[in-house]
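Notes follow the structure.
The values are calculated or read from the model by the stated rules, or taken from the named source; none is laboratory data. From a predicted model like this one, the values you see are computed outputs, not experimental measurements. Glycine also receives a Cβ, built like all others from the backbone with ideal geometry; neighbour counts cover every protein chain displayed.
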């Protein structure tokens, strides 16, 4: 099951050229970008691992693309996203965030029902990927 | 849902804006001309706005004739290359890495700035910004510190021009475990593989750069343009001073003009003369003395002319006139 998080996630995967154009758009708005990765696809998992520091002084997409490709090389078969922060409001505001890499196979989620007192039901989602230990959740391409 | 950006989706989701991709960077679309068509080079030249930069270079920089000739040649090459691309002729991106050698204060940094602007107008640099660094910003202090540091600088310079001042400090022959070598290797890799993203300009004194290239032949061969900046003549120094004064809103009295020239002639003969930089420093000190003189004179009735005019005594008090030359 393809996970849909962030901007453009209902579109087909962006090509490198399209990613580069989006990155340049963010840079032109004065938004610094950062690259993050994870192998826990749960939708409530908002804190992904940072790939290096946010790039506060990049001017051109080529520099960011370089980091993106380094991250892809180091963590193949994980989710990687790019965030753009809009600091102009005086607080850290994510202006744009989109997934740029995903595992080849995404096993998806199962719905767990837990029966609690008075026959009430609690629902929770369970990512099949998390059944394996962290770092080993997706087959390496 | 947390972590999900609110607000409208910015930018186009697909399709690349024209002029972004490296392939069609040199002015306009690739191979849009039939084999028997003609292009108007003058028109292309006007469109690129390259003449503004070249004229500004001529107007604002005194002397430097060999440098200006070389830059005009490079500009012509890039312009012709862009037109060749329109006919589908082989247009491998030319190697644009440069090395500026010359004494202190001969305008290497200034020319590098203009170069960045020029390359942008010709479509060979996307942002046209200049990142000026020295050894400290590239080379780390301990093992494993250099690579991230150098890469950080390279990332910042992507799409523009990386200007490495006093580049010969990168390599220290006396210490074979110096981290400078690591920075050089990373630089070389990027200079070779990401030519369309980055132009590197090295700068330094001629003799030391020569030694640097001897110990780093790989660096020398990746640099296409070695440009030597000549020392300024006395006349050129005087015109530089005039330009600086005009910019700062000062002028020399006729007597002071002769004194200023005499000052420059003496200063040139002294050690540690650094061309335009020395001229600037001399004028800064003359402004100090001028301010003191105006304040000590008749501070109640000062005209605009008094505030603008530098007199001989503003220069004569300088050490240059008391110390023996040489």
### Residues that are in a helix (DSSP H, G or I) and buried (at least 21 other Cβ atoms within 10 Å of the Cβ), drawn from the range B:122-148
B:138, B:146
### Message
Restricting to the range A:68-99, and then to whatever is buried (at least 20 other Cβ atoms within 10 Å of the Cβ) and part of a helix (DSSP H, G or I), can you tell me which residue is nearest to the other protein chains (Cβ to nearest Cβ)?
### Response
A:68
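Go through the range B:267-279 and give me each residue that's part of a helix (DSSP H, G or I) and crowded, with 16+ Cβ neighbours inside 10 Å. Give the steps one after another, and end with the answer.
From the range B:267-279, those part of a helix (DSSP H, G or I) are B:267-269, B:275-279; that's our starting set.
Answer for the range B:267-279, where residues must be part of a helix (DSSP H, G or I) and crowded, with 16+ Cβ neighbours inside 10 Å: B:267, B:268, B:275, B:276, B:278, B:279.
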#### Entry: Qualifying positions in the range B:105-125 - in contact with a helix residue (DSSP H, G or I) (Cβ under 7 Å, 6 or more places away or on another chain) and either on the phi > 0 side of the Ramachandran plot or within 14 Å of chain A (Cβ to nearest Cβ) (or both)
B:105, B:107, B:123, B:124, B:125
### Query
Would the range B:41-53 turn up any residue that is surrounded by 13 or more Cβ atoms within 10 Å (Cβ to Cβ), within 14 Å of another protein chain (Cβ to nearest Cβ) and either touching a helix residue (DSSP H, G or I) at 6+ places or on another chain (Cβ under 7 Å) or at pLDDT 80 or above (or both)?
no
#### Entry: Lone unmet requirement of (1) on the phi < 0 side of the Ramachandran plot; (2) surrounded by fewer than 18 Cβ atoms within 10 Å (Cβ to Cβ) for residue B:101
(2)
### Task
Give the residue, chosen from B:239, B:253, that is out of contact with any helix residue (DSSP H, G or I) (no Cβ under 9 Å at 6 or more places or on another chain) and closer than 30 Å to residue B:290 by Cβ.
B:239
## Note on the structure
Across (1) part of a loop (DSSP other than H, G, I, E, B); (2) modelled with pLDDT of 95 or more, residue A:35 clears everything bar (1)
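Can you tell me which residue is farthest from residue A:66 (Cα to Cα) among those in the range B:149-173 that are outside any helix (DSSP H, G or I) and away from chain A (no Cβ under 12 Å)? Working first, answer last.
Quick first cut of the range B:149-173, residues outside any helix (DSSP H, G or I) only: B:158-166, B:171-173.
From the residues that got through so far, the ones that are away from chain A (no Cβ under 12 Å) too are B:163-166, B:171-173.
On the way: B:163: 20, B:164: 21, B:165: 25, B:166: 27, B:171: 26, B:172: 29, B:173: 31 Å.
Once the filter is applied, the top-ranked residue is B:173.
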### Message
Can you tell me which of (1) more than 9 Å from chain B (Cβ to nearest Cβ); (2) part of a loop (DSSP other than H, G, I, E, B); (3) out of contact with any helix residue (DSSP H, G or I) (no Cβ under 8 Å at 6 or more places or on another chain); (4) at negative phi is the one residue A:12 doesn't meet?
### Response
(1)
### Query
Out of all the residues in the range A:102-115, is one or more buried (at least 16 other Cβ atoms within 10 Å of the Cβ), within 12 Å of the chain's Cα centre (by Cα) and under 20 Å from residue A:17 (Cβ atoms)?
yes
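With respect to residue A:16, determine if the residue is over 13 Å from the mean Cα position of the chain (by Cα) and either in contact (Cβ under 8 Å) with a residue 12 or more places away in the chain or surrounded by fewer than 19 Cβ atoms within 10 Å (Cβ to Cβ) (or both). Give the derivation first.
Values: over 13 Å from the mean Cα position of the chain (by Cα): yes; either in contact (Cβ under 8 Å) with a residue 12 or more places away in the chain or surrounded by fewer than 19 Cβ atoms within 10 Å (Cβ to Cβ) (or both): yes.
Yes, satisfied.
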### Task
For residue B:128, work out the one condition from (1) more than 27 Å from residue A:65 (Cα to Cα); (2) within 12 Å of chain A (Cβ to nearest Cβ) it doesn't fulfil.
(1)
### Query
Could you say which residue among A:30, A:63 is farther than 16 Å from residue A:6 by Cα, in contact with a helix residue (DSSP H, G or I) (Cβ under 8 Å, 6 or more places away or on another chain) and free of Cβ contacts under 8 Å to residues at least 40 places away in the same chain?
A:63
### Filtered residues of the range B:166-199 (kept if within 19 Å of residue B:217 (Cα to Cα) and in contact with a strand residue (DSSP E or B) (Cβ under 9 Å, 6 or more places away or on another chain))
B:166, B:167, B:168, B:169, B:170, B:187, B:190, B:191, B:199
